[in-house]
Amino acid sequence: MTEKIQTLIAGHWRDASGPAYSTEYPHDASTVATLHAANAADVDEAVQAAEVARLKPDWAGLKPHERAAILHRIAAGIRARGEELAQLQRLDNGKPINETRALVASAAGTFQYFAAACETFEGAVTPQRGDYLSLSLHEPLGVVGAITPWNSPIASEAQKLAPALAAGCAVVFKPAEITPRMAIELGRIAEAAGVPRGILSVLPGKGSVVGDALVRHPLVKRIAFTGGTSVGIGIARLAAEKFMPVSLELGGKSPTIVCADADLDHAVAGVLFGIFSSTGESCIAGSRAFVHASVYGDFKRRLLACAQALRVGDPSLESTQMGPLVSGSHRAGIENYVQIGLDEGGKLLTGGGRPSGGVNGINDQGYYYQPTVFEGLGNTARMCREEIFGPVLALLPWSDEADLLAQCNDNVYGLASGIWTRDYKTALRIGRALNTGTVWINTYKVFSIATPFGGTKQSGVGREKGRASIAEYMAQKSYYWGTNEAPMPWAGIL
Ligand code: NAD
């Protein structure tokens, strides 16, 4: 049954003011929910209300440990509704239920982490260099905007909302149009946890309308953005005009390197997980696997056997490893890339099509796609240069380390990389040479909220996660507190 949902704008639950639209379950293309998109007037109303609310004593007057208590209650609220949220997120973007459960648990952990960071965050008494006491203190930036994509909504939204609330900011959320549910439910949970009215608004709708208005709004003092690189560049341009700080978590084309001495059991499992988990709809997907020529044949044989055995199927089943893609248009884009790979002379080793309906509960109306592996393409092929954001892997043999590193780094993106080797010196040498924000060694796609995350080059600027990220939502202010017994001598007061 289609659910009609409202959203939280300026402290009120109501329909947004833009056109009605519906969300779709990628498993069978059925309509899940109907809602209204927001428009520029909603953005202005939400931002104005946030600016008023953030200065009121019930938010501005809270001590850090009191804000931390609210964040703890949000974590508890997420856990209390954990299964329901995991099921809702599955319906929004078709991710397998085991994965959405893990994302929900990580979101709760994010609020818990930033609660601790909030009440232990310290300013500094800086070393005295004159007759004064000098202090470096932090204040909330004000109203901040958070813009998120559809692939892991609750996790990426928690990573923005938790540090922003911990810092004492007010937040206006713009979730991806097709996956609004998690942000809206976070609004409900935050409200029940004691976040005052107006401090958090959630505005679903089009990026070119709602996102753009949010970025341009003069009262918005920071944008935390996760999404594609071309949109990120546009946001950076607009932000420059306002001198507004931004964090941009953008695309990737991450290399994973299998060395001659790698434990192949670990390497095959890690490369498979790196590209095919989340159906490849992951910014950190390890989409280019560079495998040493001496183990290439063995690695390929084992990888293909495992790829063909992956359980692609109904995301509600706990046995499913790969669910459907998020939408028909996204699948069409991936099919187009596979055709480009073939046209470029690539050899399709497995996949490259839609799986049969019925198997593992696959619905023919859904947006399923097979785990797909290519070889025979050079690193300069489009398939190896551009982000596909789907379950498509290119295998590339290597033998010379300097050439390998040049190929890995010869890409506009620099988000993540992986290394499989038994030798710690090799791991460190290659890790240092890779120009990526994250390097995984003998593991892949593991995450800690305590460890900063972000990219280099066109994968973005700024870092999320880690206790220092609270400071990204704060302005530093310096105080000099005179301690001289006498007036300043310069004026010559007698
Ligand atoms: P997208 O850039 O199209 O959209 C992301 C968000 O930006 C959405 O909410 C969208 O509505 C909004 N948006 C679109 N145009 C806008 C504009 N002009 N102004 C303001 N906001 C606008 O990306 P997507 O297709 O939703 O997500 C896939 C992309 O996200 C991939 O490139 C992926 O690599 C990237 N991603 C990056 C990370 C990371 O942490 N680096 C994580 C997940 C996804």
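Key figures
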read-out	value
Yes/no for Asn442 being more than 13 Å from the ligand (Cβ to nearest atom), over 21 Å from the mean Cα position of the chain (by Cα) and on the phi > 0 side of the Ramachandran plot	yes
Sole exception among (1) part of a helix (DSSP H, G or I); (2) under 20 Å from Ala381 (Cα atoms) for Gly345, by number	(1)
Hey, Gly145 closer than 17 Å to Ala53 by Cβ and either assigned to a strand (DSSP E or B) or within 11 Å of the ligand (Cβ to nearest atom) (or both) or not	yes
Check on Glu119, of a type outside the set (Gly, Ala, Ser) and in a strand (DSSP E or B)	no
The one condition in (1) outside any helix (DSSP H, G or I); (2) away from the ligand (no atom under 11 Å from the Cβ); (3) farther than 17 Å from Ala53 by Cα; (4) out of contact with any helix residue (DSSP H, G or I) (no Cβ under 7 Å at 6 or more places or on another chain) that Lys221 fails to fulfil	(3)
Within region 445-464, considering residues that are under 12 Å from the mean Cα position of the chain (by Cα) and charged (D, E, K, R), the one farthest from the ligand (Cβ to nearest atom)	Arg463
Yes/no for Tyr480 being in contact with a strand residue (DSSP E or B) (Cβ under 6 Å, 6 or more places away or on another chain) and within 16 Å of the ligand (Cβ to nearest atom)	no
Count of residues meeting criterion [within 23 Å of Phe447 (Cα to Cα) and of a type in the set (Ser, Thr, Tyr)] in region 114-169	4
Residue in region 223-234 that is touching a residue at least 40 places away in the same chain (Cβ under 8 Å) and farther than 28 Å from Glu386 by Cα present	no
Residue under evaluation Trp490, criteria (1) more than 16 Å from the ligand (Cβ to nearest atom); (2) aromatic (Phe, Trp, Tyr); (3) in contact (Cβ under 8 Å) with a residue 24 or more places away in the chain; (4) not assigned by TED's automatic domain parsing to the domain that holds Ala164, criterion not met	(3)
In region 168-198, residue nearest to the chain's Cα centre (by Cα) [restricted to those that are within 15 Å of the ligand (Cβ to nearest atom) and farther than 22 Å from Tyr25 by Cα]	Phe173
Any hit, region 339-350, residues being in contact (Cβ under 8 Å) with a residue 24 or more places away in the chain, touching a His at 6+ places or on another chain (Cβ under 9 Å) and of a type outside the set (A, V, I, L, M, F, W, C)	no
Selection from region 296-339 of residues that are of a type in the set (S, T, N, Q) and not in a helix (DSSP H, G or I)	Ser316, Ser319, Thr320, Gln321, Ser327
Residues satisfying the stated conditions in region 407-421, i.e. open to solvent by 50 Å² or more (accessible area, probe 1.4 Å) and within 16 Å of the ligand (Cβ to nearest atom)	Val412
In region 224-239, the residues that are in contact with a strand residue (DSSP E or B) (Cβ under 9 Å, 6 or more places away or on another chain), more than 9 Å from the ligand (Cβ to nearest atom) and open to solvent by 10 Å² or more (accessible area, probe 1.4 Å)	Ile233, Ala236
Filtered residue count, region 199-213, keeping only those that are within 16 Å of the ligand (Cβ to nearest atom), open to solvent by less than 10 Å² (accessible area, probe 1.4 Å) and farther than 27 Å from Leu91 by Cα	0
Candidates Tyr424, Tyr479, filtered to the one that is under 19 Å from Gly270 (Cβ atoms), open to solvent by 10 Å² or more (accessible area, probe 1.4 Å) and either of a type in the set (Ser, Thr, Tyr) or assigned by TED's automatic domain parsing to the domain that holds Ala116 (or both)	Tyr424
Residue check for Val246: in the same structural domain as Leu137 (by TED's automatic domain parsing) and more than 10 Å from the ligand (Cβ to nearest atom)	yes
Count of region 274-299 residues which are of a type outside the set (Val, Ile, Thr), crowded, with 19+ Cβ neighbours inside 10 Å and more than 20 Å from Val326 (Cβ to Cβ)	6
Considering residues of region 317-337 that are over 20 Å from the mean Cα position of the chain (by Cα) and touching a residue at least 60 places away in the same chain (Cβ under 8 Å) only, the residue most open to solvent (accessible area, probe 1.4 Å)	Glu318
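The values are calculated or read from the model by the stated rules, or taken from the named source; none is laboratory data. The model shown is predicted, which means the values in this text are computed figures rather than measured ones. A quick note on method: Cβ atoms are made from the backbone with ideal geometry, for glycine too, and the neighbour counts reach across all protein chains shown. Keep in mind that these areas ignore ligands, DNA and RNA; they rest on the heavy atoms of the full protein, side chains included. Shrake-Rupley method; radii C 1.70, N 1.55, O 1.52, S 1.80 Å.
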